[in-house]
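Report on the following structure.
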Amino acid sequence: MDMVLLTALGVGGATVIGAIIGFLFKSLSHRFSDIVLSFAAGVMLSAAVLGLILPSVEYGGKYGLIVTVIGIFAGAVCLNLIDKVVPHLHKLAGADIEAHRNANLNKVLLFVTAIAIHNLPEGIAAGVGFGAGDTAGALIIAGGIALQNIPEGMVIIGPMLAAGVKPSKTFLLAMLTGIVEVVGTLVGYFAVSIASAILPFALAFAGGTMLYVISDEMIPETHAHGSERGATYALLLGFSVMLVSDVLLG
């Protein structure tokens with residue numbers, strides 16, 4: 001349990017680290033942030049497949065493949081429905097927020113709320129990995145999510161400061177988005193620990209949410225500013241790093 005709590009704090013704390021970097025380096029280039037975010041996408045892709053989806057098939061027994069496919073689509077549809085209510089990063093972090101000092105505050109706060117909402121299933125994905133009893137795999141998943149949270153924390157600082165939000169309040173809001181992920185991690189862990197029968201579906205569901213975030217949000221964002229080639233190789237590098245880690249730790 002101590003490991004789960006520390007990991008939850010680490011995953012949520014990664015957003016805070018990103019926010020601090022965002023304060024220190026307000027003028028980071030799109031190319032740099034795209035490369036970092038794309039590397040994180042590769043890490044998350046590897047973690048989703050190796051740490052969540054394949055174990056779901058394994059734990060599901062006779063009907064493992066069917067349960068896994070249903071779980072993947074259920075996770076994706078869940079985030080899609082959330083997007084219908086609160087659009088996320090690539091829909092709200094456009095130039096009208098980043099470039100203009102008179103950015104609409106309500107829109108910026110909606111942007112931050114969207115990140116917080118999407119952090120919940122990401123946290124659940126990390127917690128489900130621990131609930132499955134695979135500590136090494138869970139740490140890989142959590143590491144991938146934490147890497148993704150750093151550039152996300154960096155991204156949310158600029159729009160809030162440009163909209164006139166005080167630096168102290170900006171940091172507090174960034175920290176709250178990370179706390180949501182801590183809660184999600186604990187929810188995922190306890191849910192699977194209490195009801196082990198739902199483990200295969202829960203693993204696939206968590207994997208589906210991660211695949212959705214990668215395809216619908218991270219890749220479009222990293223390919224929107226002219227750094228497509230570098231972003232592609234960064235994704236491959238992130239995937240390979242997690243693949244090697246999984247083999248060595250396994």
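The values are calculated or read from the model by the stated rules, or taken from the named source; none is laboratory data. Computed from a prediction, not measured in an experiment: that's the story for all the values here. In this analysis, Cβ positions are derived from the backbone assuming ideal geometry, glycine residues included, and neighbour counts consider all displayed protein chains. We work out accessible area using only protein heavy atoms, side chains counted, and drop any ligands, DNA or RNA first. Shrake-Rupley method; radii C 1.70, N 1.55, O 1.52, S 1.80 Å.
Brief remarks on what is shown
- Total formal charge among the other residues, if their Cβ is under 13 angstrom from that of Val77, Lys/Arg +1 and Asp/Glu -1: -1
- Net charge of Cβ neighbours under 13 Å - reference Ala231; Lys, Arg +1; Asp, Glu -1: -1
- Largest first, the extents of the alpha carbon coordinates of region 192-232 on the three principal axes equal 47, 14, 11 Å.
- Distance-filtered residues of region 161-204 - backbone nitrogen under 19 Å, label point 7 angstrom along Val77 Cα→Cβ: 198-204
- Vicinal HN-Hα couplings computed from phi for region 29-40 (Karplus, 6.51 cos²θ - 1.76 cosθ + 1.60; Hz; Gly/Pro x): 5, 4, 4, 5, 5, 5, 5, 5, 5, 5, 4, 4
- Extending 7 Å from the Cα toward the beta-carbon at both Val183 and Val244 defines two label points whose distance is 3.9 nm.
- The residues of region 170-222 expose on average 36 square angstrom of accessible surface per residue, using a 1.4 Å probe on protein heavy atoms.
- Carbon and sulfur %, accessible surface of region 149-245 computed with the full protein complex present, 1.4 Å: 74
- Gyration tensor verdict on region 163-231 (Cα atoms; rounded if a/c is under 1.5, prolate if a/b is larger than b/c, oblate otherwise): oblate
- Counted charge near Ile145, where neighbours are those whose Cβ lies closer than 11 Å (Asp, Glu -1; Lys, Arg +1): -3
- Per-residue HN-Hα couplings for region 184-193 [Karplus 6.51, -1.76, 1.60; θ = phi - 60°; Hz; x = Gly/Pro]: x, 4, 5, 4, x, 5, 5, 4, 6, 5
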